[in-house]
Amino acid sequence: MPRKITYLQAVNEALLGEMRRDPSVVVFGEDVVGGAGAGGEMDAWGGPMGATKGIYDEFPERILDAPISESAFIGAAVGASASGLRPVAELMFVDFMGVCFDQIFNQAAKLRYMFGGKARVPLVIRTTFGAGIRAAAQHSECLYPIFTHIPGLKVVVPSNPYDAKGLLVRAIRDDDPVIFFENKVLYGMEGDVPEELYTIPFGEANVVRDGDDVTIVALGRMVSLADHAAEQLAEDGIECDVIDLRTTSPLDEETIYESIERTGRLVVVDEANPRCSIAADVCSLVAQNCFSDLKGPPRTVTAPHTPVPFSPVLEDAYVPSPERIAGAVRESVGAAATA
Amino acid sequence: MSITKLGMPKWGLNMREGALVAWLAEEGAELEVGDEVAEVETEKINGVVESPAAGTLRRRVAAVGDVVPVGGLLGVLADASVGDEEIDAYVAEFQATFVPEAEEDEAGPAAETATVDGRPIRYARRGEGAVAVVLVHGFGGDLTTWLFNQDALAAEERSVIAPDLPGHGGSSKEVADGGLDELAGSVQGLLDTLGIERAHLVGHSLGAAVAATIATRSPDRAASLTLVAPAGLGPEINGEFLEGFVEAESRRELKPVLETLFSDPAVVTREFVEEVLRTKRIDGVGEALRTISSSCFPEGRQAISIRDGLAALDVPILVIWGAEDRVVPAAQADALPAGAQVEIMAGAGHMPQMEAAHEVNRLLGDFLEAHGA
């Protein structure tokens, strides 16, 4: 039965639910037991954000506080997954992922391929991303484009509590390495979530809103901002399809193309930096596959090509806003009218 | 005649508002009860608002695109003797005093859960009357199958109860063999738990076979039997539909399958597909559906039969079938006992209770009234 819980609670329920169901699921990460500032009391916070709250109480043998060495515990998680466990490693901020690229890119992503399908790496790396909490340049990036680029990794970016639970359960049951991106600004977001465990398939985008004028493709926190913009635009008679990608690898190209066939106009909203990004990728795919349907150039609304600023004023201007999204949609409609 | 309000209907427990998609009658049109007046879109499904009375559509108050709360004013019916000023005054007063049902009130006891034989069984009850009416959904459905009917049937003297069968909706996902006896036993167990000795049993599709099974097992418990597009009357069933429904994992796979259910595929909205998917994604649902399907409909044929049971029964029987049913062919109505009242509805598919809700509610209301409910 559905009831309202937060995005953070949804993540917690998926973890606990899968640990109860499958004894091979284990959790590694920095502070996942005690939590920063917990004063030595076990499970006081349940991790830096609270996502692992309650796990230590129930499964003290299956959750491990890792030393502050991402390369070590991510490497250990890769090895554990290749030898029969299903580890869910928590890497506080995706910005720290750089120190374990070899473990992820060269080992986790390639083992199945290099061993002719005889090795499996059922690993999940949960991480947080996104600007908006005044955490500055080294704790605010998106970085999912880098992981999407690597064959062998699956990349999940849930936009709401329902998807967070269903996609995390799916990720834990998946036999391949999954990088699971949680936007920290969304942790307090509430939504209807079933009490039971359920899975949402990878590679199926969610259509959040229907409209025939413009296709807005978004992911993560950008979905609700895009939906908000679409609501304002509808008041002026501009109806948008809003597509939530849910996963960037695999990518549901078909849902995007079906929509473009109807609208002929594309605006991609992506919180990441603009170069070599999901926004750029979606525009390129649409240009290649739907060229004759397009009534105007695809447009993107992204962060600028700079690090995330420390100044709160600049940080707020850095992240795409509903106003910028609506502006891009209006431009695309206007451009089409004069074309 | 006086002024009659054409209001936003309430289709189901969770409906709070609807958007007017189109007017289907002009101002000044002469309407009969049941004439289609407007098309309304809800979060769940599109439907047609039918005229509640005979009279002239004097005023179209809501404009296309307006979102109107349940009970809000769409239009006004009256005959020619009522002056325009009176209509104006009626509209002005209504709009000034109308208060939409508060969200908190609706969040109330929309659905409850009882424990039957150790398994949770969810049900929704509308009305507090002494005469019980039980609505049993079909394969893959849940109590919202009756979203256009349950409130309409809940007259003062009735209480209308719609359970979720095991493996479905909010009920336990554990099923044993998934056969008719098990499903009928769970509904009977719920009636026991609720202290209901005798009820008017209404079932749709597989739920109709469940209702018939209850009546056959315990004839004293069935005051009457209404079978909507029933399973169990012949071997033929759309096996492709069953297989497609059980196996569909994505919106793209499920939508065409759900469209098979209706005469007009346009009623299957994105939200409707999403709602069905949300249930299907829950752990255990796929397995439960497979178990029930292989028990009742192995290899795309019906292995269940209610024909002999019905022939031996001595209760009033109403059968409602959509002429364009693409899941269970309406021709199977030929197998019914001679005394049954059979209504074949043009323009409806396998879900007449949704597609022709008003007509079904009228038939069912008359039938129940004629048999003491």
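Results, tabulated for the structure shown:
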quantity: Antiparallel DSSP beta bridges within the protein assembly as shown, percent to nearest 5; calculated: 40 percent
quantity: Built amide H within the under 5 Å cut-off of A:Arg86, gap 5+; calculated: A:Val25, A:Val26
quantity: Beta bridge orientation in the stretch A:206-338: antiparallel %, DSSP, nearest 5; calculated: 20 percent
quantity: Helix-only [θ]222 nm of chain A, DSSP H runs n ≥ 4, -39500 (n - 2.57) each, per residue, nearest 500; calculated: -10000 deg cm²/dmol
quantity: Lysines whose Cα lies under 17 Å from that of A:Lys118, excluding same-chain neighbours fewer than 8 positions away; calculated: A:Lys110
quantity: For the stretch A:67-107 and the stretch A:207-230, distance of Cα centres in Å; calculated: 33 Å
quantity: Distance violations [Cα-Cα > 32 Å] among A:Lys154/A:Lys184; A:Lys53/B:Lys10; A:Lys154/B:Lys280; A:Lys154/B:Lys10; B:Lys5/B:Lys280; calculated: A:Lys53/B:Lys10; A:Lys154/B:Lys10; B:Lys5/B:Lys280
quantity: For A:Phe93, residues with placed amide H under 5 Å, excluding near neighbours; calculated: A:Thr128
quantity: Full-extension gain in nm, B:Glu253 to B:Val67, via 0.36 nm per residue minus C-alpha separation; calculated: 63.9 nm
quantity: Relative intensity, log₁₀ I(q)/I(0), of the stretch B:4-101 from a Debye sum that treats every alpha carbon as a point, q = 0.20, 0.25 Å⁻¹; calculated: -0.97, -1.40
quantity: Positive-end extreme of charge dipole, the protein assembly as shown - chosen from B:Ser172, B:Ala338, B:Gly185 (charges on Cβ); calculated: B:Ser172
quantity: Residue-wise HN-Hα coupling along the stretch B:235-246, computed from phi with Karplus coefficients 6.51, -1.76, 1.60 (Hz; x: Gly, Pro); calculated: x, 6, 7, 6, x, 5, 4, 4, 4, x, 5, 5
quantity: Charged-residue dipole, Cβ positions (Lys, Arg, Asp, Glu), chain B about Cα centre, Debye nearest 20; calculated: 980 debye
quantity: Calculated from backbone phi, Karplus (6.51, -1.76, 1.60) coupling profile of the stretch A:143-153 in Hz, x at Gly/Pro; calculated: 6, 4, x, 4, 6, 5, 5, 8, x, x, 9
quantity: Considering only the stretch A:2-194, percent of DSSP beta bridges that pair antiparallel, nearest 5; calculated: 20 percent
quantity: In Hz, Karplus ³J(HN,Hα) per residue of the stretch A:156-170 (6.51, -1.76, 1.60; θ = phi - 60°; x = Gly, Pro); calculated: 10, 9, x, 9, 7, x, 4, 5, 4, 5, x, 6, 6, 4, 4
quantity: Unit charges on C-beta of K, R, D, E only; dipole of the stretch B:275-371, Debye; calculated: 400 debye
quantity: Cα→Cβ-extended label distance, 7 Å offset, between A:Asp22 and B:Thr193, nm; calculated: 3.2 nm
quantity: Separation of the B:Glu299 and A:Met114 label points, Cα + 7 Å toward Cβ, nm; calculated: 5.0 nm
quantity: Interchain or long-range residues, amide H under 5 Å from A:Ile63's placed H; calculated: A:Val27
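Where a number appears in this text, it was derived from the coordinates with a stated rule and is not lab data. On a predicted model such as this, the values are computed, not experimentally measured, just so you know. Backbone-built Cβ (ideal geometry, glycine too); neighbour counts: all protein chains shown.
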